[in-house]
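Remarks on the structure that follows.
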Amino acid sequence: QVQLVESGGGLVQAGGSLRLSCAASGRTFSNYALAWYRQAPGKQREWVATITSDGNTDYADSVKGRFTISRDNAKNTVFLQMSSLKPEDSAVYYCNLWPIKLVVTILRNYWGQGTQVTVSS
């Protein structure tokens, strides 16, 4: 039984920082690219950042230069360091496989509970 447990969210003032963690269990993800996604109220889920199995990274333009994704394959964990946070970064953040089609084909569209990030102005 695969589980993805996101943590580290909270309430922070604009300009502040947070570090999110996502611990995976039930399956090893070291050979897969992993990503962070986010969903704000009333909006569709959007991609935030990706890290490949060998550590290459990519970011949405809206977070480039402010967020850093990393992973610890030994611990089956992926991280998202968020800095210079803006109110528009407020959302529930989720980790999962990349590309998103693998979430359906491998995990049967399983998503963890996410972690809430709220940035006040």
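The values are calculated or read from the model by the stated rules, or taken from the named source; none is laboratory data. What you see is a predicted model; the values in this text were computed from it and never measured. Note that we place each Cβ from the backbone using ideal geometry, even for glycine, and neighbour counts take in every protein chain shown. Accessible surface areas use protein heavy atoms only, side chains included; no ligands, DNA or RNA. Shrake-Rupley method; radii C 1.70, N 1.55, O 1.52, S 1.80 Å.
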Counting only residues that are aliphatic (A, V, I, L, M) and surrounded by 20 or more Cβ atoms within 10 Å (Cβ to Cβ), which one in the range 45-77 is nearest to Asn31 (Cα to Cα)?
-> Ile51
Scope the range 104-118; condition of a type in the set (A, V, I, L, M, F, W, C) and in contact with a strand residue (DSSP E or B) (Cβ under 6 Å, 6 or more places away or on another chain); matching residues | Trp111, Val117
Checking Ser53 against (1) free of Cβ contacts under 8 Å to residues at least 60 places away in the same chain; (2) assigned to a strand (DSSP E or B), the condition it does not meet = (2)
Quick count over the range 1-12, residues being part of a strand (DSSP E or B) and open to solvent by 50 Å² or more (accessible area, probe 1.4 Å), is 4
Among the residues of the range 13-30 satisfying the criterion of being assigned to a loop (DSSP other than H, G, I, E, B) and touching a helix residue (DSSP H, G or I) at 6+ places or on another chain (Cβ under 9 Å), which is least open to solvent (accessible area, probe 1.4 Å)?
-> Phe29
Can you run down the residue pairs with Cβ atoms below 6 Å, 6 or more apart or on separate chains, where the first is in the range 61-72 and among the β-branched types (Val, Ile, Thr) and the partner is surrounded by fewer than 21 Cβ atoms within 10 Å (Cβ to Cβ)?
-> Thr68/Gln81; Ile69/Thr57
Take the range 88-101 and flag every residue that is open to solvent by less than 50 Å² (accessible area, probe 1.4 Å), assigned to a strand (DSSP E or B) and not polar (S, T, N, Q).
-> Ala91, Val92, Tyr93, Tyr94, Cys95, Leu97
Here are some residues: Leu85, Leu80, Leu107. Which one is in contact (Cβ under 8 Å) with a residue 40 or more places away in the chain, surrounded by 14 or more Cβ atoms within 10 Å (Cβ to Cβ) and outside any loop (DSSP other than H, G, I, E, B)?
-> Leu80
Of the residues in the range 1-50, those that are over 13 Å from the mean Cα position of the chain (by Cα), more than 16 Å from Pro99 (Cβ to Cβ) and touching a residue at least 60 places away in the same chain (Cβ under 8 Å) come to Val2, Gln3, Gly10, Leu11, Val12, Gln13, Ala14, Gly15, Gly16, Ser17
